[in-house]
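In what follows, a structure is listed as structure tokens, so that the remarks can point back to it.
The values are calculated or read from the model by the stated rules, or taken from the named source; none is laboratory data. What you see is a predicted model; the values in this text were computed from it and never measured. Reconstructed Cβ throughout: ideal geometry from the backbone, glycine too, with neighbour counts over all protein chains shown. Heavy atoms of the whole protein, side chains included, go into the accessibility calculation; ligands, DNA and RNA do not. Shrake-Rupley method; radii C 1.70, N 1.55, O 1.52, S 1.80 Å.
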Amino acid sequence: MDSSRRTEVQVSDASRLFDGRRLTLARQLVGLRKNALAAKIDKSATAVAAYENNTKRPAPATVAQLCLTLGVDPSFFLPGPHQPPANSTTPHFRSLRSTTQLARDQAFAYGIIAGDVGAALERHVEFPDSNVPRLSVDVDDETSAMPEEAARLLRKHWEIKAGPVGHLVRLAENNGIVVVFSPAQTAAVDAYSFDHGYRPTIVLNPAKEDYYRQRFDVAHEIGHLVMHVDAEPGSKVVENQAHRFAAELLLPETELRDALPSKADWRVLAALKETYGVSLQALLYRSRSLGIMSDVTYRNAVAYLSSKGWRRREPGEMPAVEQPSLYPRAVEILSSVGMNELALAKEARVTSGLFHTVTARVPVRENLFFESEIVEGKAFPGDGVIPLFGEKNYPGR
């Protein structure tokens with residue numbers, strides 16, 4: 001059978017088994033609205049909506065055009081290995097006002113892809129069970145001590161010994177949390193988290209090459225997973241609760257109350273920074289929140305940080321950021337027994353570029369989607385790239 005015939009069969013099968021939720025996913029990944037996609041494939045927005053809600057099935061020729069436009073293989077539109085529930089929780093983004101709906105949809109779609117990859121890998125390797133305790137916190141109560149209680153509960157539940165928390169990403173993964181980097185093409189969306197039915201997931205900003213701030217980000221997102229799975233994301237109270245959770249998780253009051261200085265003693269603060277793996281700013285914030293440092297002293301210390309340029313880059317050597325290992329190690333193990341990344345990507349129903357990005361130990365700049373090629377007068381995915389985040393100007397964004 002020649003290559004064009006094989007492609008026709010794939011497109012025909014995709015048409016018969018078409019899952020509209022996968023079209024929504026592909027559209028969101030490239031940052032297109034329904035009307036913009038409709039214009040590109042010469043269909044109405046109503047038709048695209050019907051494809052996505054599975055009330056109408058696209059013809060094979062339409063599937064081929066969708067593949068060309070969205071940069072995916074026809075198999076992408078078959079049901080994926082992980083099907084999130086219809087009432088999937090909204091990811092916890094730091095600021096909904098500064099993050100557009102398209103960017104949020106795009107980020108969430110990437111998280112779903114991370115779940116697809118994980119579900120495919122788990123057919124062959126065993127991951128740790130999810131072990132995240134849930135503690136409902138009143139998101140309307142700004143004075144409750146529950147965020148700190150939740151952090152203490154987690155330390156006990158995960159059997160974290162007294163003293164500094166070690167490799168926080170590894171600790172999260174050992175307790176069943178998926179941690180991945182988002183594509184290196186974007187820095188618009190900060191770290192975010194969600195639990196959509198596969199596993200609790202944290203997606204890290206690839207541009208934040210700061211060991212100390214990344215650790216606080218991870219602790220912050222763990223706080224959301226423990227306290228806010230059913231909470232509406234983005235509010236100042238919810239974010240402040242996650243911030244307080246992170247502070248108690250990394251800097252327990254019982255250990256730090258007698259160690260934190262009441263004045264801006266930079267030598268003492270620098271030593272605590274190295275010991276506990278947090279920034280000077282986090283230590284100052286913690287000292288003030290515990291009532292050790294006065295508001296005036298805190299403001300003066302922060303002003304000094306700013307004057308020295310330390311708010312952007314603190315003094316001293318910067319350790320390499322903590323790296324995820326759950327997915328990368330699984331890929332390495334499977335590769336050692338003859339299952340290459342391309343085969344695993346096909347099993348996950350994603351492009352090789354998306355698979356490699358999701359399973360990387362460090363942020364990578366990868367060709368995330370296929371570029372079209374013409375096969376006997378028809379357009380189908382090839383080996384190039386359709387950029388994911390911000391490198392292509394799609395109409396209707």
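Brief remarks follow.
- Residue in region 198-210 that is farther than 17 Å from residue 91 by Cβ, open to solvent by less than 30 Å² (accessible area, probe 1.4 Å) and assigned to a helix (DSSP H, G or I) present: no
- Scoring residue 375 on the criteria (1) surrounded by fewer than 21 Cβ atoms within 10 Å (Cβ to Cβ); (2) at pLDDT below 85; (3) under 29 Å from the mean Cα position of the chain (by Cα); (4) farther than 25 Å from residue 173 by Cβ leaves a single failure, condition (3).
- For residue 301: the one exception among (1) open to solvent by 60 Å² or more (accessible area, probe 1.4 Å); (2) more than 27 Å from the chain's Cα centre (by Cα); (3) modelled with pLDDT of 95 or more: (1)
- Flag for residue 123 being loosely packed, with under 15 Cβ neighbours inside 10 Å and of a type outside the set (Phe, Trp, Tyr): yes
- Some residue of region 152-166 being farther than 18 Å from residue 91 by Cβ, outside any loop (DSSP other than H, G, I, E, B), open to solvent by less than 10 Å² (accessible area, probe 1.4 Å) and in contact with a strand residue (DSSP E or B) (Cβ under 9 Å, 6 or more places away or on another chain): no
- Those helices (runs of 4 or more DSSP H) of region 295-349 in which at least 3 residues are touching a residue at least 60 places away in the same chain (Cβ under 8 Å) and on the phi < 0 side of the Ramachandran plot, considering only elements entirely within it, cover 326-336, 341-348.
- Test for residue 327: is it open to solvent by less than 60 Å² (accessible area, probe 1.4 Å) and closer than 30 Å to residue 125 by Cα: yes
- Which listed residue, of 179, 226, 169, is in a helix (DSSP H, G or I), surrounded by 23 or more Cβ atoms within 10 Å (Cβ to Cβ) and modelled with pLDDT of 95 or more: 226
So that you can scan it fast, the table gives a plain yes or no per residue for (1) at pLDDT 90 or above; (2) not hydroxyl-bearing (Ser, Thr, Tyr):
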| position | (1), (2) |
| --- | --- |
| 307 | yes, no |
| 310 | yes, yes |
| 313 | no, yes |
| 336 | yes, no |
| 339 | yes, yes |
| 358 | yes, yes |
| 361 | yes, yes |
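- Residue within region 250-270 that is within 17 Å of residue 213 (Cα to Cα), touching a Pro at 6+ places or on another chain (Cβ under 8 Å) and either at pLDDT below 95 or open to solvent by 20 Å² or more (accessible area, probe 1.4 Å) (or both) present: yes
- Cβ pairs under 9 Å, 6+ apart, first in region 23-39 and at positive phi, second part of a helix (DSSP H, G or I) and among the charged types (D, E, K, R): 31/105
- Any chance residue 155 is within 22 Å of the chain's Cα centre (by Cα), of a type in the set (D, E, K, R) and at pLDDT 95 or above: no
- Residue in region 92-103 that is under 30 Å from residue 204 (Cβ atoms), at pLDDT 90 or above and either of a type in the set (S, T, N, Q) or open to solvent by less than 20 Å² (accessible area, probe 1.4 Å) (or both) present: no
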